[in-house]
Amino acid sequence: MMLLDYLKWRNDVNFSVASFNDIDNVILSYLSYMDFGELFQEHDKIYSIEEAFDLFCEKHSLEDIRKNGQFTQRVPLLLEEMVCGDRFKGTRLGYYKDVLDKEKIKQFAAVTFLLSDGTNYISFRGTDGTITGWKEDFLMSCMSDTEGAKEAVCYLNNVSTFLEGNLMIGGHSKGGNFAMYASIFCNELIKDRIVKIYNNDGPGFRDEIINSQEYKKILPRISSIVPQTSIIGQVLSNDGEQKIVKSNAIGIFQHDAMTWEVTKDKFVSSEMDAFSNFVKVALGAWLEKIDDETRESVVSTVFSMIEETGAETFSEFGGSLFKNTGIIIEGLVKLPKSKRNELTTALSSLVQISGKTAFNKIPKIPIK
């Protein structure tokens, strides 16, 4: 059973009978991938989930999504099930904000859900398909506070003034990182209202945040949920509780939470596989070897070549893959020698460290 099965099976059980659980969290974190901005004319208005669903259906075909939707494109199918039962009956949503700034390298979106039991769930969107969004992701390795992370703090501080009661903060992928970051650096009065912070297969932090008193204060409230093959969720450090769940997908596709397996009220537990541990060790060793200035320079160089293609999203980039690959190769040739050497050295270092990590994990056979 997956998320959609859970909603079909448990949709008649409201929160007064069975309290909010990890699966409900993932569902709400995933809904932040929907573009509510195109649906809501009044962004300050609070909408019921039924109103949001009706507005969506006026503009989009659910049948087309069922046939052709991939990854987060299928999120509206969750909303379709939510409006059919009692579990999320009475849930409202609002305070939607969506910011994409190429110059500042910021990709941010968030929405707040007001549940029928009085709890508020603030949901931060993960990485979308934009080039800017992915560039911001890579910059996390060389800076503690990306523009999107700082926006998350402002959003939490602002929205919380309009909300009463306890707060749950969550997100998937980069959204999970934003959820933690906002909870760490928000105003103290708001921090005291936070009862749970969910990081759903999102990256962690650099050491300066992990070692900070602000992080240690909210650490007991952090819950990280990752599939057994977790790649994004193993990037950087996070000391919070980690729950490993089973997925019916393979490799990187396990990042899609709609492939995570559930029972009637919890995820099917699993163990971290060897590849996840390999990624964590190899990537950690590589990042330790490269200083912040070099990391930022490599990221900027790579994405400047991608941006030369004129593509705004990776979908657009893939649509003209042959042409865009040629543009990148041309850009690589035109790079100053120092930049080319920097790129090749970083890549060679990653290959070497990955090889050593893999070799060290091969069981040693005693020679008799």
Options GLY331, GLY310; residue that is in a helix (DSSP H, G or I) and either modelled with pLDDT under 75 or within 30 Å of GLU103 (Cα to Cα) (or both): GLY331
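Rundown of residues vs (1) of a type in the set (Val, Ile, Thr); (2) within 30 Å of ILE225 (Cα to Cα); (3) more than 21 Å from the chain's Cα centre (by Cα), yes/no style:
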| site | (1), (2), (3) |
| --- | --- |
| VAL17 | yes, yes, yes |
| ILE27 | yes, yes, no |
| ASP44 | no, no, yes |
| GLY69 | no, yes, no |
Only listed residue being touching a residue at least 24 places away in the same chain (Cβ under 8 Å) and surrounded by 23 or more Cβ atoms within 10 Å (Cβ to Cβ), chosen from SER230, SER141, SER223: SER230
Qualifying positions in segment 144-163 - of a type in the set (Val, Ile, Thr) and either in a loop (DSSP other than H, G, I, E, B) or without any contact (Cβ under 8 Å) to a residue 60 or more places away in the chain (or both): THR146, VAL153, THR161
Selection from segment 64-87 of residues that are part of a loop (DSSP other than H, G, I, E, B), closer than 14 Å to PHE53 by Cα and in contact (Cβ under 8 Å) with a residue 40 or more places away in the chain: VAL75, CYS84, GLY85
Near pairs, Cβ below 6 angstrom, 6+ apart or cross-chain, from segment 289-309 (under 24 Å from THR325 (Cβ atoms)) to any residue that is assigned to a helix (DSSP H, G or I) and among the basic types (Lys, Arg): THR301/LYS339; PHE303/LYS135
Residue tally, condition without any contact (Cβ under 8 Å) to a residue 24 or more places away in the chain, not in a helix (DSSP H, G or I) and not polar (S, T, N, Q), over segment 244-277: 3
Candidate set: segment 107-121, residues that are part of a strand (DSSP E or B), closer than 26 Å to SER16 by Cα and touching a residue at least 60 places away in the same chain (Cβ under 8 Å); chosen: the one nearest to the chain's Cα centre (by Cα): VAL111
Residue count, segment 142-168 (criterion: among the small types (Gly, Ala, Ser) and farther than 15 Å from LEU189 by Cα): 4
Residues satisfying the stated conditions in segment 201-217, i.e. out of contact with any Gly (no Cβ under 9 Å at 6 or more places or on another chain) and either surrounded by 17 or more Cβ atoms within 10 Å (Cβ to Cβ) or in contact (Cβ under 8 Å) with a residue 24 or more places away in the chain (or both): PHE205, ARG206, ASP207, GLU208, ILE209, SER212, GLU214, TYR215, LYS217
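The values are calculated or read from the model by the stated rules, or taken from the named source; none is laboratory data. Quick caveat, the model's predicted, so the values are computed rather than measured. All Cβ positions, glycine included, derive from the backbone under ideal geometry; neighbour counts span all protein chains shown.
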